[in-house]
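Structure, as structure tokens:
The values are calculated or read from the model by the stated rules, or taken from the named source; none is laboratory data. Nothing here was measured: the structure is a model prediction, and the numbers come from that model. Every residue, glycine among them, receives a Cβ derived from its backbone with ideal geometry; neighbour counts consider all protein chains shown.
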Amino acid sequence: MIDLPTLLVALAATDMVLGATLWIGARRGVRDGMAQWFGALGVRIVAVGLFAGGGTDPATAIVAVALLALSMTLQAAALLAFGARSLPAWVHSAVLAGIGVPFALLAGDPAARVLFSGVVLGTVMLVVAGITLQLRAPVSRPTRFLMIGAFVLGAAIFYLRAVASALATDPLKGFVDPTAFQSLTLMLAYVVALATSCGFLLMQKERADAAAERLASMDPLTGAYNRRTFHETAERTLALARRANQPLSIILVDIDHFKRINERHGNRIGDEVLRILADVVRDQLRQEDLLVRFGADEFCVMLPQVPGPGAVVVAGRIRKAVCADPLRVDGREIPVTVSAGVAARLDEGPESIDGLLGRAEQALELAKNRGRNRVVALSLGRSVAA
Ligand SMILES: Nc1nc2c(ncn2[C@@H]2O[C@H](COP(=O)(O)OP(=O)(O)OP(=O)(O)O)[C@@H](O)[C@H]2O)c(=O)[nH]1
């Protein structure tokens with residue numbers, strides 16, 4: 001049989017390892033609830049140490065149970081912080097007082113004490129499970145289920161142990177001389193502690209992976225997708241359009257005389273012009289359209305299910321939105337115009353994305369040669385909806 005003190009020591013050691021892992025993993029800064037989870041592990045190590053060292057002494061047990069409750073509210077705060085929300089500080093004090101005071105009043109009645117603390121700690125765990133369920137943050141389903149499952153199991157263990165201890169003739173005997181049931185629930189409690197912390201680490205890893213993926217697929221200056229992402233998705237989108245006999249268009253948008261803007265105002269202002277321009281273009285697009293920074297001052301817009309004439313209308317809207325007012329950067333007014341080249345998928349024969357792009361580039365070149373600040377469309381083909 002595994003006795004409580006042995007398991008508590010193992011739990012404290014595991015929490016220390018998990019805390020160290022979290023600390024090492026947070027090299028780029030303690031954020032997204034890491035500090036609160038770290039605090040929860042620290043508080044639980046103290047609580048567990050008190051339980052293991054203090055045995056069944058009521059005064060030690062009061063402090064240990066209160067700290068255990070605090071570690072759970074800190075876990076709740078960590079999960080909320082991960083979802084960019086916060087737990088009011090008074091909740092920690094309220095839970096501490098709500099468990100500590102009645103527990104002290106029941107000091108002389110071990111059975112009532114064990115029953116009370118088990119029910120309260122189990123309920124706090126259920127609330128933490130509810131918070132995990134409601135978490136408004138991108139967490140994969142397996143990770144979310146791992147966390148919720150672990151918290152619910154933890155709550156069930158507290159309830160079961162509370163009832164079993166209350167029904168036992170000597171509720172504190174299990175501390176040193178556990179039955180098979182008690183050993184099993186203790187082992188499961190250990191698994192719960194491990195699973196919740198591993199789940200939290202997984203949540204952090206998933207968020208870091210998503211950020212890395214975003215960085216690899218986007219242009220950091222404008223937030224538009226980069227060329228790599230375009231090539232990854234464009235062939236697939238074109239193939240889908242071909243198979244479904246759907247239109248697909250491309251617009252290349254290039255700032256006119258951007259070099260002069262850089263020369264006159266400096267590269268920092270030039271960067272800001274690029275950033276604002278990307279926003280102006282984005283405002284003219286639908287959710288399903290893809291905005292890509294193609295080169296220095298060149299953007300590519302891919303419009304699925306939009307025929308050539310529709311793309312010409314969108315390009316015209318972009319051109320007018322850009323030149324409608326000068327861009328305001330650092331108190332300066334910078335007049336900006338763009339030229340655009342439009343090409344649409346041809347209905348007849350297979351065409352690669354490079355072919356489509358080539359025609360958009362020719363159209364853009366024509367727009368530049370004809371005096372800039374204009375839209376040119378080349379061989380829009382027999383578009384389905386045109
Ligand atoms: N500020 C800034 N400038 C950049 C960046 N990348 C490239 N450039 C500059 O952007 C300018 C692009 O100019 P060009 O492509 O030669 O053409 P243009 O001056 O816009 O002239 P037209 O396209 O013919 O109207 C070059 O001077 C590049 O050095 C960037 O990230 N930020």
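So the check is Cβ under 6 Å with 6+ separation or different chains; which pairs have a first residue in the range 82-102 that's touching a residue at least 24 places away in the same chain (Cβ under 8 Å) and a second one that's part of a loop (DSSP other than H, G, I, E, B)?
If the second residue must be part of a loop (DSSP other than H, G, I, E, B), the pairs left are 82/32; 82/33; 82/137; 83/135; 83/136; 83/137.
Is it the case that some residue within the range 229-241 is touching an Asp or Glu at 6+ places or on another chain (Cβ under 6 Å) and either modelled with pLDDT of 90 or more or of a type in the set (Asp, Glu) (or both)?
No; the residues of the range 229-241 include none that is touching an Asp or Glu at 6+ places or on another chain (Cβ under 6 Å) and either modelled with pLDDT of 90 or more or of a type in the set (Asp, Glu) (or both).
Do you know which of the residues in the range 234-256 that are in contact with a strand residue (DSSP E or B) (Cβ under 7 Å, 6 or more places away or on another chain) and polar (S, T, N, Q) is surrounded by the fewest Cβ atoms within 10 Å (Cβ to Cβ)?
Top of the filtered list is 237.
Among the residues of the range 328-366, which ones are under 24 Å from residue 305 (Cβ atoms) and either of a type in the set (Lys, Arg) or without any contact (Cβ under 8 Å) to a residue 40 or more places away in the chain (or both)?
345, 346, 348, 349, 354, 355, 358, 359, 362
Filtering the range 225-256 down to residues that are part of a helix (DSSP H, G or I) and of a type in the set (Ser, Thr, Tyr), which residue is nearest to residue 212 (Cα to Cα)?
229
Among the residues of the range 285-313, what is the count of those that are within 30 Å of the chain's Cα centre (by Cα) and within 14 Å of the ligand (Cβ to nearest atom)?
Qualifying residue count for the region: 4.
Filter the range 257-277 down to residues that are out of contact with any strand residue (DSSP E or B) (no Cβ under 7 Å at 6 or more places or on another chain), assigned to a helix (DSSP H, G or I) and in contact (Cβ under 8 Å) with a residue 24 or more places away in the chain and give me whichever is farthest from the ligand (Cβ to nearest atom).
Result: 275.
Quick one: count up the residues across the range 131-143 that are surrounded by fewer than 18 Cβ atoms within 10 Å (Cβ to Cβ) and part of a helix (DSSP H, G or I).
The number of residues fulfilling the criteria is 4.
Could you count how many residues in the range 72-94 are modelled with pLDDT under 95, part of a helix (DSSP H, G or I) and either more than 29 Å from the chain's Cα centre (by Cα) or of a type in the set (Ser, Thr, Tyr) (or both)?
So the count comes out to 2.
Within the range 104-130, track down each residue that is small (Gly, Ala, Ser) and either touching a helix residue (DSSP H, G or I) at 6+ places or on another chain (Cβ under 7 Å) or surrounded by 19 or more Cβ atoms within 10 Å (Cβ to Cβ) (or both).
Result: 104, 107, 111, 117, 118, 122, 129.
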